[in-house]
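Undergrad: So that we are looking at the same thing, I have put the structure below in structure tokens.
The values are calculated or read from the model by the stated rules, or taken from the named source; none is laboratory data. Owing to the predicted nature of the structure, the values given are computational and were not obtained by experimental measurement. Reconstructed Cβ throughout: ideal geometry from the backbone, glycine too, with neighbour counts over all protein chains shown.
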Amino acid sequence: MSGLANLETLARGNRPENAGLLGTAKLSWSRVDRLSEEDILAVFARHPFDADENALKIETEMGAAIVSDRGALIADLYGGRIGRLWRIGDEREEEREPVLHVAFDTDMDQGRTTSVHFRPEDHPELPPERHEMILGLVQELVDEQRKAGALRVRAFVVRAFGEGRGAAALVSLFSLSSTGQRSANMDYAVVASDTHERKFAVVAKGGSGDWTPRL
Amino acid sequence: MKWDQDPEVLSPVGRPIGEQLETGPPRQKLEGFEPVYRDIIDYIARCTHRIWEEKNIGLCRTHYSNDCVMHTLAGPSVGAEVVTQNTVGALSSYADRIVIAEDIIWSEDAPGEYYSSHRITSRATHFGDEPMVGPATMRSTGVATIADCKVIANKIVEEWLVRDNSTALWQIGADPKAIARKLAEADREGDQARHGWREEAIAATRELDDVDISRDNPAIPLARMLRQGFADDLYGEAAAMLSPSVEVRWPSRRHGFGRGFWIGCLMQISNAMHDRAFRCEHVAARPLPHGDTAVAIRWSLAGTHRGAGVWGEASGRELYLLAVSHYRLRAGIVVEEATVFDEVSVLRQIFGGLGA
């Protein structure tokens, strides 16, 4: 089975054949990581991913994506098998796990020229002619959050790939609230576009918790 | 030996467990090993499976030497019998534990002397009571561990084990600080000579040179990166080895992206530990699928707890930290980083345990 077929099978809550979902797989969804094939299958059995028929579907050697207006699945592939998976959209209220937060500088340069961190060599399967389009969509996400009043909105492009049908990128979005009492928010988002110039952008909805930079 | 020797010995990354555990002819010449082991990756993955999942725990006696030292940040233990009993103990509380090999990065440091750095996520249910933690909670756990093993002729002769114990405690609803205090109180009872290992380890970190690394090894710039950060405080220069979008995972669920986040992880510790000494103790590197490269670095830090911050008020105690970092490089730059150490044992030292 192809990586996309494995992803579609899993999305419906079924087990991909021939170890199409690796035993070592990890799923990130609703701010929680699920480890192992069995745990991930249980998540999709309880909450199938609803990919509408107009969803954009992309597969390369290293990645697969199903992206619609409602949600997105992005997978790392190894010979068509799913090794790591991100699900964006339809987030659930999960028990918030304790986290040790880290004070950090998103930029290391007040003269920075971009809010989108992207290194082309990290994404060998994103054709150069698609860079501008993908980075433009990521910038739109950043601008949207800024317009909504968020501060220091930065995007880190974590995965990006494309083929004849289109291209997609997984992004980690960081922002601070612009209130006196700030809160930090870091969540995944997916952007994609196809050859018919349809554009998709899905942002995970989680909200920030308490800031705890101590053990 | 060259870091990428024996290319037919494949990383477990991207391979189903069924394929990994297929029996067959050897892929690597292993002197003195049981014939079932096809290569050093297979040895580590298969003996872990036989011991932890098939519950043939007695195999520890044929897979650990009688004088094997297992180093942890809570202190060393010696011998195959101790390993056997500790494994029985762990599996009596977490009986359904599956040991997921995220990667095994290895080297042959001398003919027939192998070193493996095995990054594991252990998934289990907290089924049984534990003396220090309390009654079974039936909560699910999934904890990052890295086991570095020196292996000769079918036996692990020395092991360095690091585990994200603070996350493990959180997962079963326990408070890492409270457990560390209880452990420290117990440490202060009885003969303190049993904690002598810690002073020796601190002296080694302060006095010994970094391990020699062969000129072509991809670990060289990463060992330099850690030294530039922890020893020279040149965090920005160090982080140039990382992708601007690097994914960083550190213990206690520190998780973020970007060079600044990695710097933040280092600076939390540098701020707490003054008068620092850093030592790179071992490196290994292996090819990964998609043309990527995996690097493992075992490192240690010694320093005085003079800075308030991540570990609370400064205690003034000298601290020792043993860690292992795994890196995935793409086109020469780190795109993913996972560092593991036992932060509960750091708190335990701060509270006056382990002879601190």
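Undergrad: Residues of segment B:108-135 being at positive phi and not in a strand (DSSP E or B), which ones? Walk me through it before giving the result.
TA: Here is the first cut: in segment B:108-135, the residues at positive phi are B:112, B:134.
Matches in segment B:108-135: B:G112 only.
Undergrad: B:S122 fails exactly one of the following numbered conditions: (1) under 30 Å from B:V310 (Cβ atoms); (2) in contact with a Phe, Trp or Tyr (Cβ under 9 Å, 6 or more places away or on another chain); (3) of a type in the set (S, T, N, Q); (4) more than 14 Å from every other protein chain (Cβ to nearest Cβ). What is the number of that condition?
TA: Of the numbered conditions (1) under 30 Å from B:V310 (Cβ atoms); (2) in contact with a Phe, Trp or Tyr (Cβ under 9 Å, 6 or more places away or on another chain); (3) of a type in the set (S, T, N, Q); (4) more than 14 Å from every other protein chain (Cβ to nearest Cβ), the odd one out for B:S122 is (4).
Undergrad: Quick one: in segment B:262-277, which of the residues that are aliphatic (A, V, I, L, M) and more than 9 Å from every other protein chain (Cβ to nearest Cβ) is farthest from A:P213 (Cα to Cα)?
TA: It comes out as B:A277.
Undergrad: Among (1) in contact with a helix residue (DSSP H, G or I) (Cβ under 9 Å, 6 or more places away or on another chain); (2) of a type outside the set (D, E, K, R); (3) over 25 Å from B:I41 (Cα atoms); (4) crowded, with 21+ Cβ neighbours inside 10 Å, which single condition is B:F261 missing?
TA: Result: B:F261 fails condition (1) only.
Undergrad: Then there is this: Kindly provide the set of residues from segment B:299-356 that are of a type in the set (S, T, N, Q) and either in a strand (DSSP E or B) or closer than 22 Å to B:D212 by Cα (or both), ordered by number.
TA: B:S300, B:T304, B:S325, B:T339
Undergrad: Among the residues of segment B:156-188, count how many are more than 14 Å from chain A (Cβ to nearest Cβ), under 19 Å from the mean Cα position of the chain (by Cα) and either assigned to a helix (DSSP H, G or I) or not β-branched (V, I, T) (or both).
TA: Within segment B:156-188, residues that are more than 14 Å from chain A (Cβ to nearest Cβ), under 19 Å from the mean Cα position of the chain (by Cα) and either assigned to a helix (DSSP H, G or I) or not β-branched (V, I, T) (or both) number 5.
Undergrad: In a strand (DSSP E or B) and either among the hydrophobic types (A, V, I, L, M, F, W, C) or within 27 Å of B:A124 (Cβ to Cβ) (or both): is that true of A:L41 in this structure?
TA: Working: in a strand (DSSP E or B): no; either among the hydrophobic types (A, V, I, L, M, F, W, C) or within 27 Å of B:A124 (Cβ to Cβ) (or both): yes.
For A:L41, the condition - in a strand (DSSP E or B) and either among the hydrophobic types (A, V, I, L, M, F, W, C) or within 27 Å of B:A124 (Cβ to Cβ) (or both) - is not met.
Undergrad: Still on this structure, I have one more. Determine if segment B:18-26 includes at least one residue that is acidic (D, E) and either in a helix (DSSP H, G or I) or surrounded by 18 or more Cβ atoms within 10 Å (Cβ to Cβ) (or both).
TA: yes
Undergrad: Tally the residues that are at the interface with another protein chain (Cβ under 9 Å from one of its Cβ atoms) and on the phi > 0 side of the Ramachandran plot, restricting the search to segment A:1-52.
TA: Within segment A:1-52, residues that are at the interface with another protein chain (Cβ under 9 Å from one of its Cβ atoms) and on the phi > 0 side of the Ramachandran plot number 3.
Undergrad: Going through segment B:223-261 one residue at a time, which ones are aromatic (F, W, Y) and within 10 Å of chain A (Cβ to nearest Cβ)?
TA: The answer is B:Y235, B:W250, B:F257, B:F261.
Residue-wise test of (1) small (G, A, S); (2) free of Cβ contacts under 8 Å to residues at least 12 places away in the same chain; (3) surrounded by 24 or more Cβ atoms within 10 Å (Cβ to Cβ); (4) touching a helix residue (DSSP H, G or I) at 6+ places or on another chain (Cβ under 6 Å).
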{"position": "B:N271", "(1), (2), (3), (4)": "no, no, no, no"}
{"position": "B:H274", "(1), (2), (3), (4)": "no, no, no, no"}
{"position": "B:A284", "(1), (2), (3), (4)": "yes, no, yes, no"}
{"position": "B:L288", "(1), (2), (3), (4)": "no, no, no, no"}
{"position": "B:G291", "(1), (2), (3), (4)": "yes, no, no, no"}
{"position": "B:G309", "(1), (2), (3), (4)": "yes, no, no, yes"}
{"position": "B:V324", "(1), (2), (3), (4)": "no, no, yes, no"}
{"position": "B:I333", "(1), (2), (3), (4)": "no, no, no, no"}
{"position": "B:E343", "(1), (2), (3), (4)": "no, no, yes, yes"}
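Undergrad: Regarding A:L170, is this residue at pLDDT 95 or above, within 11 Å of chain B (Cβ to nearest Cβ) and either under 30 Å from B:P12 (Cα atoms) or in contact with a Pro (Cβ under 7 Å, 6 or more places away or on another chain) (or both)?
TA: Considered against the rule, which asks whether it is at pLDDT 95 or above, within 11 Å of chain B (Cβ to nearest Cβ) and either under 30 Å from B:P12 (Cα atoms) or in contact with a Pro (Cβ under 7 Å, 6 or more places away or on another chain) (or both), A:L170 comes out as yes.
Undergrad: Considering (1) away from chain A (no Cβ under 14 Å); (2) in contact with a Ser or Thr (Cβ under 7 Å, 6 or more places away or on another chain); (3) more than 18 Å from B:A168 (Cβ to Cβ); (4) crowded, with 17+ Cβ neighbours inside 10 Å, say which one B:V36 fails and leave the rest.
TA: (4)
Undergrad: For segment A:24-61, which positions are surrounded by fewer than 21 Cβ atoms within 10 Å (Cβ to Cβ) and touching a helix residue (DSSP H, G or I) at 6+ places or on another chain (Cβ under 6 Å)?
TA: Residues satisfying the conditions are A:A51, A:K57.
Undergrad: Sticking with this one: Could you check segment A:56-76 and list, in sequence order, the residues that are modelled with pLDDT of 95 or more, of a type outside the set (D, E, K, R) and not in a strand (DSSP E or B)?
TA: Selection gives A:T60, A:M62, A:G71.
Undergrad: Counting just the residues of segment B:55-103 that are assigned to a loop (DSSP other than H, G, I, E, B) and of a type in the set (S, T, Y), which one comes out farthest from the other protein chains (Cβ to nearest Cβ)?
TA: My answer is B:T72.
Undergrad: Still on this structure, I have one more. If I ask for residues that are acidic (D, E) and within 20 Å of the chain's Cα centre (by Cα), which ones from segment B:286-341 would you list?
TA: Listed by number, the residues that qualify are B:E336, B:E337.
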